[in-house]
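The next block holds one structure in the form of structure tokens; read it before the comments.
The values are calculated or read from the model by the stated rules, or taken from the named source; none is laboratory data. Computed from a predicted structure; not experimentally measured. FYI the Cβ positions are ideal-geometry reconstructions off the backbone, even for glycines, and counts take in every protein chain you see.
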Amino acid sequence: MHFKTLLLSALLLLTIQSNAQKPVKFGNISPSDFKTDYSSLDSNAHAIVLYEYGNVEFIYNNARGFEIETTIHVRKHILNKSSLDEGIVTIPYYRGTSTTGENIYKVKANTFNLEKGKVVTSELHRKEVFDERKNEDYYQKKMSLPDVKEGSIIEYTYVIQSPLAKISNPRTWYFQGELPKVWSEINVKIPAYFYYQIIMNGYLPLTVNDQLRESVDIHGTDVRIQGIAYRFAVADAPAFKDEKYITTEEDYISKVEFELSSYQFPNEPIRNFTTSWPELDKTLIDHEKWNVGFSKPGFLKEKVDEFNKISDMKTRLEAIHRYMTTEYVWDEHVGLGITNSLKKTFTDKTGSATELNLLASSLLRSCGFNANPVISSTRSNGRISEIYPLLDRFNYTLVVVHLGEEQILFDCTDPLEPLGNLPIRIANSTGREIFETGATFIDLSPKKASTLYEEINAKINTEEGSLSGRYNASYGGYEARDLRARFKEMGEKEFKESLIKSTSDWYIDEISHENMTEIYSSPSVSFHFKMEDGAIMPDIIYLTPMLAGQEKENPFKKKTRLYPVNLGNRHRHSIKASYEIPKGFVVDEMPKTVNVLLPNNGGSFLFHAQQMENTLVFTSRLYLEKHEYSAEEYSYLKQFYDMVVEKHAEQAVLKKIEE
């Protein structure tokens, strides 16, 4: 299933008939509830959410105005001692004042144990519920349920009221969490006063997806108006596990979010929030601090004159990028907010990513470039949806330069990345380029593949039972950046020592390296090596040719996968290994050549073995040509890597000629 987002308008009237679970009554537990087999959902689960229910309604209070009232009811089965901490429940809330803070009340909780075939109930007492401060504004209500043990069923319910003036959206409802869930349901009744965007996210199908137009009571008043009642539920949701090769769990986990777009009360004008991309764009274009990226301030004149002496525009652009990345220091802060003025950032030579890149945009424009700021989101912050114009989903600003027909991405937070390469933390598919009269979406996915080329030239010594020769490696893309980062952090001496330690079964010397500081050239490492090999004997040799770069295990171990595999960028790994055949030996067995292609131009694997006079030459080329593979492509990717691991482990057999 593809990543799905679905806008459910409050103006739509859509009812989808579906199977529905009967409401669960609080405290109604029978002995049979303790004997349910959950192996079909998760045979390894230490605890299971049996039932999770939320009900959201709008109420009115004369002192606090409109409020969102949410009722929560949860039931869990503790299956293992390792999950006894599930009996400690925390409810985060905004403390605020009497008119702005959230209120939690109607807290009830029970622990149920099966003893001699009968259900024994232990009730939560008030003394076991207390408030705990998290920071100045936020607290959490904490309750410790009594008599929780292996096999217990715990249950709790509470109501939380949130003033609309402070918290305008119902809380995000997660159909998935750390535990598997047999049933998770959210009901929301929205009066016609309010218009919400409802955003569905994730890869689990909805078991219930109902929307009904009906009369809605405004509790606290005698008002009853038209509204929309939404009901969403997911059955048998597996636990969400933070798997390899994803961006952030918020991009994948199944949930429903609510964003207030507008509201209108009787006899009052409509109050709109950001509901279109042009409005979002205008917010930034008109923002007196952020729009400095369009300016050409006078204090830059000296630097502008210096750069404008470079007549070739591409060379000038590289010079500005080198200046910004080496003279300025990123303070590791992200976000669209700006603390310092452009001039202060210029003077202090430090700032947030947005501050530095807006300064770069201003400098580039002053130097004659067609440059515009681009808002984006880091990978850890999550993907940007082109459907929903939500400014708070963006947390980064970079720059795009249009040079002839070329579109060049410009970021000055990482001195180890060349011009045009974005740091991997922001190579997150989509950004929005803002110019003075509008905006457009642009592609931020990495254009260059990460490359690693390894080469071995070795001799086989049957008397010593050893291999010796020369190893060379050349790096490109993010592989090059990571190598340079290690070299910069360690220094030359420690870097060489780390190479020696990482190849503990090799004795290495004569270590050399090139282009460790020149970011526009490929860095390389080379050394002489020698290693003992018990498979090299006087009469027979079992040669494993992939001495370096061998894929020893499949990174994709699960049979199936719900989520796409996000590698971040394309990868190309090539290995060439040459071995001189010892005098008096002949080849008895050689690995067979294979050439495997992934569907949809996803990549290829070539393994080739040949004898060239007295030398054996082995070539491996593993190319992954997509930065993301869909869940439907996962099985092909898994089989593909099975083949790689198998071929990399194969041996050539050499036998001594009988004289």
Consider segment 188-219. How many of its residues are within 29 Å of the chain's Cα centre (by Cα) and surrounded by fewer than 17 Cβ atoms within 10 Å (Cβ to Cβ)? 1
Checking the conditions here, which among ILE310, ILE320, ILE253 is assigned by TED's automatic domain parsing to the domain that holds PRO415, part of a loop (DSSP other than H, G, I, E, B) and surrounded by 15 or more Cβ atoms within 10 Å (Cβ to Cβ)? ILE310
Pairs please, first residue from segment 128-146 and under 16 Å from ALA109 (Cα atoms) and without any contact (Cβ under 8 Å) to a residue 60 or more places away in the chain, second anywhere and charged (D, E, K, R) and surrounded by fewer than 12 Cβ atoms within 10 Å (Cβ to Cβ), Cβ atoms under 6 Å, 6+ apart in sequence or on different chains. LYS142/GLU132
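Confirm whether GLU454 is surrounded by 16 or more Cβ atoms within 10 Å (Cβ to Cβ), at pLDDT 95 or above, out of contact with any Asp or Glu (no Cβ under 9 Å at 6 or more places or on another chain) and under 28 Å from SER361 (Cα atoms). Step through it out loud before you land on a result.
On the way: surrounded by 16 or more Cβ atoms within 10 Å (Cβ to Cβ): yes; at pLDDT 95 or above: yes; out of contact with any Asp or Glu (no Cβ under 9 Å at 6 or more places or on another chain): yes; under 28 Å from SER361 (Cα atoms): no.
Taking the combined requirement at face value, the residue does not satisfy it.
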Going residue by residue through segment 148-165, is there one that turns out to be among the acidic types (Asp, Glu), at negative phi, within 29 Å of the chain's Cα centre (by Cα) and not in a strand (DSSP E or B)? no
Conditions first: (1) of a type in the set (D, E, K, R); (2) in contact with a strand residue (DSSP E or B) (Cβ under 8 Å, 6 or more places away or on another chain); (3) assigned to a loop (DSSP other than H, G, I, E, B). GLU463 passes all but one, so which condition is the exception? (2)
Residue pairs, Cβ under 8 Å, 6 or more apart or interchain, first in segment 57-73 and within 18 Å of GLN264 (Cβ to Cβ), second in a strand (DSSP E or B) and basic (Lys, Arg). List them. PHE58/LYS189
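Any idea which residue in segment 223-237 is nearest to the chain's Cα centre (by Cα), counting only those that are crowded, with 20+ Cβ neighbours inside 10 Å and among the aliphatic types (A, V, I, L, M)?
ALA237
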Residues of segment 264-288 being surrounded by 14 or more Cβ atoms within 10 Å (Cβ to Cβ), out of contact with any Leu (no Cβ under 9 Å at 6 or more places or on another chain) and not hydrophobic (A, V, I, L, M, F, W, C), which ones? GLN264, THR275, ASP281, LYS282
Out of (1) surrounded by 16 or more Cβ atoms within 10 Å (Cβ to Cβ); (2) closer than 18 Å to GLU454 by Cβ; (3) of a type outside the set (Phe, Trp, Tyr), what's the single condition that is false for ILE581? (2)
Go over the candidates TYR245, TYR195, TYR230, TYR263 one by one and state the one that is closer than 20 Å to ASN61 by Cα, among the aromatic types (Phe, Trp, Tyr) and outside the structural domain of PHE435 (by TED's automatic domain parsing). TYR263
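Can you report the number of residues in segment 584-605 which are closer than 30 Å to ALA449 by Cα and either of a type in the set (A, V, I, L, M) or within 34 Å of the chain's Cα centre (by Cα) (or both)?
Of segment 584-605, the ones closer than 30 Å to ALA449 by Cα are 591-605.
This time we only want the ones that are either of a type in the set (A, V, I, L, M) or within 34 Å of the chain's Cα centre (by Cα) (or both), so: 594-605.
Number satisfying all stated conditions: 12.
Restricting attention to segment 238-250, does a residue exist that is free of Cβ contacts under 8 Å to residues at least 60 places away in the same chain, surrounded by 14 or more Cβ atoms within 10 Å (Cβ to Cβ) and not polar (S, T, N, Q)? Walk me through it before giving the result.
The initial filter retains those residues of segment 238-250 that are free of Cβ contacts under 8 Å to residues at least 60 places away in the same chain, namely 241-242, 249.
Next cut, surrounded by 14 or more Cβ atoms within 10 Å (Cβ to Cβ) only: 249.
Then keep just the ones that are not polar (S, T, N, Q); that gives 249.
Yes, segment 238-250 has at least one match.
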Among the numbered conditions (1) assigned to a helix (DSSP H, G or I); (2) at pLDDT 95 or above; (3) not basic (Lys, Arg), tell me where ASP392 comes up short. (2)
Since ASN372 meets every condition but one in (1) surrounded by 21 or more Cβ atoms within 10 Å (Cβ to Cβ); (2) free of Cβ contacts under 8 Å to residues at least 24 places away in the same chain; (3) assigned to a strand (DSSP E or B), which condition does it not meet? (2)
I want to confirm something. Restricting to segment 383-403 and keeping residues that are more than 13 Å from LEU317 (Cα to Cα) and without any contact (Cβ under 8 Å) to a residue 40 or more places away in the chain, which single residue is surrounded by the fewest Cβ atoms within 10 Å (Cβ to Cβ)? ASP392
Being touching a Phe, Trp or Tyr at 6+ places or on another chain (Cβ under 8 Å), more than 20 Å from GLY465 (Cα to Cα) and among the aliphatic types (A, V, I, L, M) narrows it down to one of LEU622, LEU616, so name that one. LEU622
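Can we say PHE130 is aromatic (Phe, Trp, Tyr) and either under 27 Å from ALA239 (Cβ atoms) or in a loop (DSSP other than H, G, I, E, B) (or both)? Walk me through it before giving the result.
Working: aromatic (Phe, Trp, Tyr): yes; either under 27 Å from ALA239 (Cβ atoms) or in a loop (DSSP other than H, G, I, E, B) (or both): no.
Spelling it out, it is not the case that PHE130 is aromatic (Phe, Trp, Tyr) and either under 27 Å from ALA239 (Cβ atoms) or in a loop (DSSP other than H, G, I, E, B) (or both).
Output the residue which, of all residues in segment 487-507 that are not in a helix (DSSP H, G or I) and not small (Gly, Ala, Ser), is farthest from VAL525 (Cα to Cα). Step through it out loud before you land on a result.
Going residue by residue through segment 487-507, those that are not in a helix (DSSP H, G or I) are 503-507.
With not small (Gly, Ala, Ser) added as a condition, the list becomes 503, 505-507.
Details: THR503: 14, ASP505: 18, TRP506: 16, TYR507: 16 Å.
The residue in question is ASP505.
Quick one: in segment 425-439, which of the residues that are of a type in the set (A, V, I, L, M, F, W, C) and over 20 Å from THR326 (Cβ atoms) is surrounded by the fewest Cβ atoms within 10 Å (Cβ to Cβ)?
Taking segment 425-439 as the starting set, the residues that turn out to be of a type in the set (A, V, I, L, M, F, W, C) are 426-427, 434-435, 439.
Retained after the next criterion (residues that are over 20 Å from THR326 (Cβ atoms)): 427, 434-435, 439.
On the way: ALA427: 20, ILE434: 26, PHE435: 16, ALA439: 21.
Across segment 425-439, the extreme among qualifying residues is PHE435.
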If you check TYR636, TYR629, which single one turns out to be in contact with a helix residue (DSSP H, G or I) (Cβ under 9 Å, 6 or more places away or on another chain), under 30 Å from ALA427 (Cα atoms) and among the aromatic types (Phe, Trp, Tyr)? TYR629
Per the list (1) of a type in the set (S, T, N, Q); (2) loosely packed, with under 15 Cβ neighbours inside 10 Å; (3) in contact with a Ser or Thr (Cβ under 8 Å, 6 or more places away or on another chain), residue check on SER261 breaks on (2)
Determine if segment 64-82 includes at least one residue that is modelled with pLDDT under 95, over 30 Å from SER168 (Cβ atoms), hydroxyl-bearing (Ser, Thr, Tyr) and not in a strand (DSSP E or B). yes
Can you find, within segment 65-122, the residue that is surrounded by the most Cβ atoms within 10 Å (Cβ to Cβ) among those that are more than 36 Å from the chain's Cα centre (by Cα) and at positive phi? GLY65
Looking only at segment 411-419, decide whether some residue is in contact with a Leu (Cβ under 9 Å, 6 or more places away or on another chain), under 29 Å from LEU567 (Cα atoms) and not in a loop (DSSP other than H, G, I, E, B). no
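Return a yes/no flag: does segment 176-189 have any residue that is among the basic types (Lys, Arg), in a loop (DSSP other than H, G, I, E, B) and modelled with pLDDT of 95 or more. Please lay out each step first, then the result.
Going residue by residue through segment 176-189, those that are among the basic types (Lys, Arg) are 181, 189.
With the extra rule that they be in a loop (DSSP other than H, G, I, E, B), the set shrinks to none.
Checking segment 176-189: not a single residue is among the basic types (Lys, Arg), in a loop (DSSP other than H, G, I, E, B) and modelled with pLDDT of 95 or more.
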